[in-house]
Amino acid sequence: MQDTPRKGICWGFFMTGVFALAVSFWAGTGGASAQQLAVRSEPEKAAAEPAVKPVRKPQAHYPYYVDFRARTAASYGHAFVWFGRTVDRKVEVAGLHPAGESTVPYILGHVLPVPSETGASYGDLDVQYLTANYRVYLNEADGRRVFAYIKKLQGNSPMWNAVTYNCTAFIGDIAKYMGLKTPYTHLLYPEEWVNNLKKINGERKSVQLAPEREQ
């Protein structure tokens, strides 16, 4: 039986009745983690697509990409990134969310920082839950640098808190490293944050990093 995504919810405000809200959405649920490296699910490849389609390679010199994404979830939603190479069908996922399948870390995370996970959560690979995305391409050298930064950020195992450091703050660090402008606050719904990221960067399709400083 297919459930709606329940794990990886990572945004929130302090509000009256937040515990009641969290419990009502989460009680009795248990998300199943997706593998961090997986084949993208693209079930709606158009049946109406022509049998022969002109080959377009506008990003031929920018074979790496980072895709900032937002999806639905049991309450606020979730923000995360896909990253990979345009020539591959495989995609890696990075996103910050409370660790484990229990509802307790999520509830406590509205008051205190709690341990997190930084890989894929249930629903991150399913296009039917997608609410917003902004894909940015990079050349090979910059792509390798950004991917290494993402892996380092994941390895640091930052704590999750609904207000101080949540999923939008996590992917915001990735956007800043890439030289992108970021929304004025991470306390936005994931869908709104991703759409604002796209807007304030003029929907630019590619970026080039500043040269690395010598140590």
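The values are calculated or read from the model by the stated rules, or taken from the named source; none is laboratory data. If you're wondering where the values come from, they're calculated on a predicted model, not measured in any experiment. Reconstructed Cβ throughout: ideal geometry from the backbone, glycine too, with neighbour counts over all protein chains shown.
A few notes on this one:
- Selected residue (criterion: nearest to Thr72 (Cα to Cα)) from residues of region 125-147 that are of a type outside the set (A, V, I, L, M, F, W, C) and assigned to a helix (DSSP H, G or I): Tyr129
- Qualifying residue in region 94-103 (condition: closer than 26 Å to Lys205 by Cβ, part of a strand (DSSP E or B), out of contact with any helix residue (DSSP H, G or I) (no Cβ under 7 Å at 6 or more places or on another chain) and in contact (Cβ under 8 Å) with a residue 12 or more places away in the chain): no
- Filtered by the rule that a residue be farther than 20 Å from Glu191 by Cα and buried (at least 22 other Cβ atoms within 10 Å of the Cβ), region 63-87 gives a lone residue, Tyr64.
- Some residue of region 122-136 being in contact with a Leu (Cβ under 8 Å, 6 or more places away or on another chain), more than 20 Å from Arg71 (Cα to Cα) and of a type in the set (Val, Ile, Thr): no
- Checked against (1) more than 19 Å from Val93 (Cβ to Cβ); (2) among the basic types (Lys, Arg); (3) touching a residue at least 24 places away in the same chain (Cβ under 8 Å), Arg144 passes all but a single condition, namely (1).
- Odd one out for Tyr122 among (1) free of Cβ contacts under 8 Å to residues at least 60 places away in the same chain; (2) crowded, with 21+ Cβ neighbours inside 10 Å; (3) part of a loop (DSSP other than H, G, I, E, B): (1)
- Filter result for Val127 (under 22 Å from Lys199 (Cα atoms) and surrounded by fewer than 18 Cβ atoms within 10 Å (Cβ to Cβ)): yes
- A single entry from Lys181, Lys198, Lys152 fulfils the requirement of being surrounded by fewer than 16 Cβ atoms within 10 Å (Cβ to Cβ) and in a helix (DSSP H, G or I): Lys152.
- Among residues of region 88-111, those that are modelled with pLDDT of 95 or more and either surrounded by fewer than 15 Cβ atoms within 10 Å (Cβ to Cβ) or charged (D, E, K, R) (or both), counted: 1
- Positions within region 149-200 being among the polar types (S, T, N, Q) and in contact (Cβ under 8 Å) with a residue 24 or more places away in the chain, in sequence order: Gln154, Ser157, Asn161, Thr164, Asn166, Thr168, Asn195
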